[in-house]
Amino acid sequence: MSVIPPNPAAAPIERLKCGWCQGLNLPTALSCQFCGAPLNLKDVVSESGWREAPRLKDMVEFHFSKSTCQVEGEIVPVAEINLAQGDSVYFEHHVMLWKDQNVPMQVMQLPGGMKRMLAGMPFIISVASGPGRVAFSRDATGELVVLPLHPGMEMDVREHAFLLASNNIAYSYLRIKGLRNILFGGQGMFMDRFVTTNNSGLLLLHGYGNVFERVLKPGESIIIEPGAFLYKDSTVQMNVQMQQLTTGLFGGTAMSLAQMVGPGRVGIQSMYVHHSTD
Amino acid sequence: MQPAARSYTCNWCGTVSDGVSLTCPACGATINIAAIVTPTGWTEVPGRKDMTHIQLGKSSMQIEGLYVPVADFNLAAEDSVYFTHHVLLWKENSVNITMMPMKGGWKRAFSGMPIFMTQAKGPGHIAFSRDNPGELLAIPIQPGHALDVREHMFLAATSHVAYDFFNTNIWFSTKNGDDTEYHYPIGNFMDRFTAPQQPGLLLIHASGNVYVRQLAPGQSILIKPTALIFKDPSVSMQLHFEHPASGGGGFFSMLTSFALRYLWLRITGPGRVAIQSAFEPVEDSGASIYGHSPATDQRW
């Protein structure tokens, strides 16, 4: 039997599509070059439809712009960024773990500093520029959630949950609408909003405990503990739902829960920030 | 020729299964690995695969995640689970939440225990998790059996599991001026879970790693009070005060070692006891003890 050799010029270029970020990778790749997700493992999805955030292999490396990010450790993972000349990342300064001394630092100009300070949000966002290395981690067991943002995406993130973002992602904050949402929503007054326009960018979050994501269809809803909320597409609506629990003797209590209504992605963390009932 | 049927007895919960699945159908423990036992007799809780499935009659449960695991119930229409409300992670709209009546509300409120127990009724999904890294223990409770669980360890239980609590009688008191301060190193009350008629499933979240030891009748061991997770009702508890020797080193070190004491919980068999590797420090100012529950004392 004769074997016909493949004609490289005629063969279509096969690409492996990452199930997490949809990035296209070389067929030989074991991890996604855009988000580090393992490509040789099946997605882990619960029977109820929650997908686990990809478990990043220790020392996995991925790329954004001309820079790279290596994820080190598994219990409290570190994101070590090797910034190329011309690239920069921004972050809250207390998540910085170490840096090369020649990496220049500056502060990002943000509108509404006083409002942010009063609302307990970071009012100083720091920026590190390449070339050089700088590393980041948070203060509790959890998972790094790598979210490459394609052009035209809007992502809302729980305050203080973002670890870093690349400079081609616009950063703003969103005031949560409605007094009821502010008082009982468990999210505070603001959420971080990350927007891409013409370029792609990298957004890194740190979720406490394990992180799960669910894609809601239009009109589909799910009820979550507000402290478990980590991120959502801006198309997902978030409403407060008060759950009254009454007893004869003690009069009862009320739980404030968050109703998320699709379409779009919702990410939650299993070690959540607990908000006491009223 | 048909292969001989093989059965497997789970070394965690004792359930006999056909051995076809890689996990115990009753508790989710991995069944194809040998138990890990320390030379001192502590057995590590058997490993559990991510997304382990446990069947509970018409309902089922899945344990998701490894750092801070989530218990995700798929409740049938006639089934329900109960839990303390702050462990709720998410739920579907179809799951109805109500308050479960409990006795001894005032006593529980005064001793810092949850006074409200919440009940969720199917059909639909509801999920629970706690707020620190650790292990999720799935413990099937058989009719006639009971398990004593330290307060605030309980995550959720199926409705066939009955819930009660009892006074631990583990306390000591100190004086602060004219005030007498009472200290309860494992809490004033302890939860007791039984299955009066049908088997049920009890879920506990422990911090860090979990180790279980079977104590022989009269065998005794000292553990840190807040490391206790659960015990069989046949296991008795008592306080133990230990005072280290000064070891010389001058007046200051003599003074500090005189005030220093180690506070232990003496656990005596027969029965099982489980401990967690991450536990809160027991607050003890070292003030003179004014009164205490039955206790032993050791001065070195």
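Every read-out reported here was derived from the displayed coordinates using simple, explicitly stated rules and does not represent laboratory data. Bear in mind that the values here come from a model prediction, so they are computed numbers and not experimental data. Cβ placement follows ideal geometry from the backbone for every residue including glycine, while neighbour counts extend to all protein chains displayed.
Electrostatic tally near B:PHE73: other residues with Cβ closer than 13 Å to its Cβ, Lys and Arg +1, Asp and Glu -1, net -2. Between B:ILE36 and A:LEU41, the simple spin-label model (points 7 angstrom out along Cα→Cβ) gives 1.8 nm. Using the Cβ of A:PRO38 as centre and a radius below 11 Å, the other residues enclosed give a net charge of +2, where K and R count +1 and D and E count -1. Just B:SER207, B:SER94, B:SER285 to compare: in a GNM of chain B, with alpha carbon springs under 10 Å, which one fluctuates most? Greatest mean-square fluctuation among the candidates belongs to B:SER285. As a length-normalised measure over Cα pairs under 8 Å and 6 or more apart, the relative contact order of the range B:107-234 settles at 35 percent. Please work out the Cα center distance from the range B:139-186 to the range A:120-173, rounded to the nearest Å. One Cα centre to the other: 43 Å. Once you mark the trypsin sites (Lys or Arg not before Pro) that are in a DSSP loop and have at most 15 other Cβ atoms within 10 Å, what is the longest gap between them in chain B? Longest gap between qualifying sites, sites excluded: B:104-300. Which of rounded, prolate, oblate describes the range B:138-193, given a ≥ b ≥ c as roots of the alpha-carbon gyration tensor eigenvalues and a/c under 1.5 marking rounded, otherwise prolate only if a/b is larger than b/c? It is prolate, given that a/c is not under 1.5 and a/b is the larger ratio. Here the relative contact order of chain B, from alpha carbon pairs under 8 Å that lie six or more residues apart, stands at 15 percent.
Between the range A:14-92 and the range B:284-300, the C-alpha centres lie 55 angstrom from each other. Distances between placed amide hydrogens fall under 5 Å for B:GLU181 paired with B:THR174, B:LYS175, B:ASN176, all partners being 5 or more residues away or on another chain.
Take the alpha carbon gyration tensor of chain B, find the square roots of its eigenvalues, order them as a ≥ b ≥ c, and report rounded if a/c is under 1.5; if not, report prolate when a/b exceeds b/c, else oblate. Taking the square roots of the gyration eigenvalues as a ≥ b ≥ c, chain B is prolate. Extending 7 Å from the Cα toward the beta-carbon at both B:ALA162 and A:GLN244 defines two label points whose distance is 3.3 nm. What's the center-to-center distance, using Cα atoms, between the range B:5-47 and the range B:53-70 in Å? Going from one Cα centre to the other spans 17 Å.
If you wrap the tightest convex hull around every Cα atom of the range A:16-269 and split its volume per residue, you get 146 Å³. Based on the Cβ-Cβ distance of B:LEU22 and A:LYS217, what FRET efficiency does E = 1/(1 + (r/R0)^6) give at R0 = 45 Å, to the nearest 0.05? In this case the efficiency is close to 0.85.
Note on A:MET59 and A:LEU26: the extension gain reaches 9.9 nm, defined as 0.36 nm multiplied by sequence separation minus the Cα-Cα distance.
Classified by the C-alpha gyration tensor, the protein assembly as shown has a prolate form. Its axis ratio a/c, with a ≥ b ≥ c, is 1.5 or above, and a/b is larger than b/c. Amide hydrogen proximity for B:GLN298: with H placed 1.01 Å from N in the peptide plane, the residues at 5 or more positions away or on another chain lying under 5 Å are B:PHE241, B:GLU242, B:HIS243.
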